[in-house]
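Remarks on the structure that follows.
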Amino acid sequence: MAKKVLSIDDSSTTRKIIQKSIIALGYGFLEADDGASGLKVLRQNYTDIAIILLDWNMPGMNGIEFLEAFNSNGLYQTIPIIMVTTEAEKANVVKALKLGVKNYILKPFTNDELVLKVNQCLGRS
């Protein structure tokens, strides 16, 4: 069974763009529209998830709150996370990296950029 990519983003348009790229790479696709529902999807599917693509600014539980909850559960520590966000302030990028984010993609992004960074995180060239 193909590993899955979990996209957590309040923008359904962004999730659809990501889904198209991820399916083309041969991965399954899971999605959530905020951090709390992302944690629920993660809990139910964590053994199948290869990588998480996480937005920062979402209503309810945002990306940083998701990261804090994610980091508190040792079961998830092997799953890399890439922030996919408009949040470009240097201090915030550093904060996300300190919380364990493996890479950072600024919106709007290109398909090539997304594919490159996902492949890098998963050890594929």
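Using the alpha-carbon positions of the range 1-59, Rg (one decimal) and Dmax (whole number) come out as 10.6, 33 Å.
A simple rule links phi to the HN-Hα coupling: the Karplus curve 6.51 cos²θ - 1.76 cosθ + 1.60 with θ = phi - 60°, which for the range 12-17 gives 5, 5, 4, 4, 5, 4 Hz, with x for Gly and Pro. Look at the alpha carbon pairs under 8 Å that are at least 6 residues apart: their mean separation over the length of the chain gives a relative contact order of 23 percent. Taking 0.36 nm per residue of sequence separation and removing the Cα-Cα distance, the E68/A91 pair yields an extension gain of 6.6 nm.
Cross-link partners for K90 among the lysines, with Cα-Cα distance under 24 Å and sequence neighbours closer than 8 places in the same chain left out: K98, K102, K107, K117. 3J(HN,Hα) along the range 46-63: 4, 6, 9, 8, 8, 7, 10, 9, 10, 7, 8, 8, 9, x, x, 7, 7, x Hz, from the Karplus curve 6.51 cos²θ - 1.76 cosθ + 1.60 with θ = phi - 60°, whole Hz, x for Gly and Pro. Under 5 Å between amide hydrogens, built in the peptide plane, is the criterion, and for E31 it picks out S7 among residues at least 5 positions away or on other chains. Over the range 43-91, all Cα pairs binned in 10 Å intervals from 0 give whole-percent P(r) values of 23, 55, 20, 2, listed from short to long. Volume of the convex hull of the range 4-121 (Cα atoms only), normalised per residue: 90 Å³. Over the residues of the chain, the helix contribution to mean residue ellipticity at 222 nm works out to -12500 deg cm²/dmol, using -39500 (n - 2.57) for each DSSP H run of at least 4.
FYI, it's all coordinate maths here, none of it is from the lab. Source: prediction; values computed, not measured.
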